[in-house]
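The block underneath contains the structure these notes are about, expressed in structure tokens.
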Amino acid sequence: MKRTIEVRLTLNGEPRVAEADSRQLLVELIRDVLDAKGTRIGCLTGDCGACTVLIDGEVRKSCLVLAASISGNDVRTIEGIEGIEALQEAFIAENGFQCGFCTSGMIVAAADLLKNNPSPSRDEIRRAISGNLCRCTGYESIVESIHRAAHGTIG
Ligand code: FES
Ligand code: FES
């Protein structure tokens with residue numbers, strides 16, 4: 001039997017209240033109910049990272065979180081993560097995307113890395129995005145993009 005639950009959260013800095021089905025995933029609530037379409041749905045099995053968001057400052061795959069489990073949490077999607085201009089510019093400069101499907105998840109993961117480690121090595125970058133798949137396989141450009149955002153240049 002379907003059960004509807006009231007979910008309260010802060011989404012990208014704004015208090016929001018929404019009705020969620022008891023089985024609804026957070027990524028579905030974010031996209032379909034709260035209209036933050038920058039978060040993507042890829043696999044829905046926790047493998048691709050397209051749905052990556054921050055919950056209370058932690059990187060999470062929002063397809064692995066039930067919407068009903070959210071209670072007053074701070075949720076940040078690509079639309080609400082501050083200080084990502086350097087990453088966006090670097091992804092453009094380094095051709096860090098092809099179809100772009102993985103890009104918002106990559107940037108959320110990268111933003112979290114740079115917040116905690118402003119000067120990462122390429123290996124540290126690879127580890128930070130290891131939960132994010134790029135179906136276009138543009139990994140080297142993605143790593144270079146994040147490296148450029150962190151270090152301001154190539155090299
Ligand atoms: S849609 Fe969540 S990990 Fe793929
Ligand atoms: S750029 Fe297409 S999936 Fe990554």
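Structural remarks
- Every pair of residues 6+ apart whose Cβ atoms lie under 9 Å, when the first sits in the range 34-45 and is touching a residue at least 24 places away in the same chain (Cβ under 8 Å) and among the hydroxyl-bearing types (Ser, Thr, Tyr) while the second is outside any loop (DSSP other than H, G, I, E, B) and within 16 Å of ligand 2 (Cβ to nearest atom): THR39/THR52; THR39/ILE78; THR39/SER104; THR39/GLY105; THR39/VAL108
- Residue satisfying condition, being away from ligand 2 (no atom under 16 Å from the Cβ), open to solvent by 60 Å² or more (accessible area, probe 1.4 Å) and at pLDDT below 95, within set GLU82, GLU89: GLU82
- Condition met for ARG23 (in a loop (DSSP other than H, G, I, E, B), among the basic types (Lys, Arg) and closer than 23 Å to GLU6 by Cβ): yes
- Residue within the range 115-125 that is touching a Phe, Trp or Tyr at 6+ places or on another chain (Cβ under 9 Å) and part of a helix (DSSP H, G or I) present: no
- The listed residue being more than 24 Å from HIS151 (Cβ to Cβ), modelled with pLDDT of 95 or more and away from ligand 2 (no atom under 16 Å from the Cβ), out of ASN117, ASN73: ASN73
- Yes/no for ASN132 being within 16 Å of ligand 2 (Cβ to nearest atom) and more than 18 Å from GLY42 (Cα to Cα): no
- Any hit, the range 42-52, residues being of a type in the set (A, V, I, L, M, F, W, C), outside the structural domain of ARG126 (by TED's automatic domain parsing), crowded, with 20+ Cβ neighbours inside 10 Å and part of a helix (DSSP H, G or I): no
- In the range 94-108 there is no residue matching the filter, namely being open to solvent by less than 40 Å² (accessible area, probe 1.4 Å), assigned to a helix (DSSP H, G or I), farther than 16 Å from ASP47 by Cβ and more than 16 Å from ligand 1 (Cβ to nearest atom).
The values are calculated or read from the model by the stated rules, or taken from the named source; none is laboratory data. Predicted, not measured: the structure shown is a model, and the values here were computed from it. Positions of Cβ are backbone-derived with ideal geometry, glycine not excepted, and every protein chain shown enters the neighbour counts. Calculation scope for accessible area: heavy atoms of the full protein, side chains included, ligands and nucleic acids excluded. Shrake-Rupley method; radii C 1.70, N 1.55, O 1.52, S 1.80 Å.
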